[in-house]
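Okay, so here's the structure we're looking at.
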Amino acid sequence: MNKAQLVEQIANDADITKAAAQRAVNAAIQAISAELSTGGEVALIGFGTFSVSARAARTGRNPKTGEPLQIAASNVPKFKAGKLLKDAVNT
């Protein structure tokens, strides 16, 4: 399912227009992104938790030449599925 299909599904399930569903999806994504960009966490009970994890600097290798290169430290988004989502996937 891509974003357009998600918007269509939400519009049908919530009996709202596709434009309203599009605004809702975009607002949810923007709110989650904004919270994560400040290092926060978003917990949706039953669905899961979005958080930020620090990735340390490390040495990697260029696959073409084999020469070592330094990979900078970075923050990466992380998602941990909640119990209800896990149960839904495993039934």
**Test: LYS80 is surrounded by 10 or more Cβ atoms within 10 Å (Cβ to Cβ) and of a type in the set (D, E, K, R)** = yes
**Request:** Write out, first by first residue and then by second, each pair whose Cβ atoms fall under 9 Å of each other, whose residues are 6+ apart or on separate chains, and whose first residue, in the range 49-62, is under 30 Å from GLY82 (Cβ atoms) and modelled with pLDDT of 95 or more while the second is aromatic (Phe, Trp, Tyr) and in a strand (DSSP E or B).
**Result:** THR49/PHE79; PHE50/PHE79; SER51/PHE79
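The values are calculated or read from the model by the stated rules, or taken from the named source; none is laboratory data. This structure is a prediction, so every number in the text was calculated from the model and none was measured. Backbone-built Cβ (ideal geometry, glycine too); neighbour counts: all protein chains shown.
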